[in-house]
Amino acid sequence: VVMVSGLHQLKMNCSRVFNLFCLYGNIEKVKFMKTIPGTALVEMGDEYAVERAVTHLNNVKLFGKRLNV
């Protein structure tokens, strides 16, 4: 499971998060956290997919906001 914060609240939805992370491995689930706006949990198929996603997406600027993976 990867926790992603810094998502643009109006422009990011489950489909966009899925499309962003599916480049690095199989996605099982995407959940947005209601208590922390702009944060989502992404459940991936294996730990290698998580490592690839963290390596490639951490500190990437998306819609003017910097992702923290």
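Along the charge dipole of the chain, pointing to its positive end and built from +1/-1 on Cβ of Lys, Arg, Asp and Glu, which listed residue (Gln9, His56, Leu20) has its Cα farthest out?
Gln9
Run the accessible area of the chain with a 1.4 Å probe and give the carbon-and-sulfur part as a rounded percent. Don't skip to the end; give the middle numbers.
Numbers: 2340 of 4510 Å².
Carbon-and-sulfur percentage of accessible area, whole number: 52.
Computed from the coordinates I sent, Cα extents along the principal axes in Å equals one of [x] 29, 21, 18; [y] 57, 29, 23; [z] 46, 29, 21. Tell me the label.
It is the value labelled [x].
Considering only protein heavy atoms, what per residue accessible area in square angstrom results for the chain with a 1.4 angstrom probe? Could you put the intermediate results ahead of the total?
Details: 4510 Å² over 69 residues.
Accessible surface, normalised per residue, equals 65 Å².
How much accessible surface does Thr55 have with a 1.4 Å probe, in Å² rounded to 10?
Around 110 Å² of this residue is reachable by solvent.
Nearest 10 degrees, 0 to 90: what angle lies between the long axis of helix 47-57 and the longest principal axis of the chain (Cα atoms)?
40
Quick one: if the Förster radius is 35 Å, what FRET efficiency do His8 and Glu51 give, using the C-beta to C-beta distance and rounding to 0.05? Spell out each step's value before the answer.
Details: r = 25 Å, r/R0 = 0.71.
Computed FRET efficiency for His8 and Glu51 comes out at 0.90.
Among the listed pairs Lys34/Lys61; Lys11/Lys31; Lys11/Lys65, which have their C-alpha atoms separated by more than 19 angstrom in this model? Kindly include the intermediate steps, with their values, before the conclusion.
Numbers: Lys34/Lys61 22 Å; Lys11/Lys31 15 Å; Lys11/Lys65 11 Å.
In this structure, Lys34/Lys61 lie more than 19 Å apart at Cα.
For the chain, which trypsin sites (Lys or Arg not before Pro) are in a loop by DSSP, counting at most 15 other Cβ atoms within 10 Å? Please list the in-between numbers first.
On the way: sites: Lys11, Arg16, Lys29, Lys31, Lys34, Arg52, Lys61, Lys65, Arg66; in loops: Lys11, Lys34.
Listed in order of number, the matching sites are Lys11, Lys34.
Pull out the extension gain between Lys34 and Cys22, defined as 0.36 nm times the separation in residues minus the alpha carbon to alpha carbon distance; nm, one decimal. Numbers along the way, then the final one.
Working: separation 12, 0.36 × 12 = 4.32 nm, distance 2.28 nm.
Net length gain for the segment: 2.0 nm.
The values are calculated or read from the model by the stated rules, or taken from the named source; none is laboratory data. The shown structure was predicted, so the numbers you read here are calculated from the model rather than taken from an experiment. We place every Cβ from the backbone using ideal geometry, glycine too, and count neighbours over all the protein chains shown. Just the protein is used for accessible areas: all its heavy atoms, side chains included, with ligands, DNA and RNA removed. Shrake-Rupley method; radii C 1.70, N 1.55, O 1.52, S 1.80 Å.
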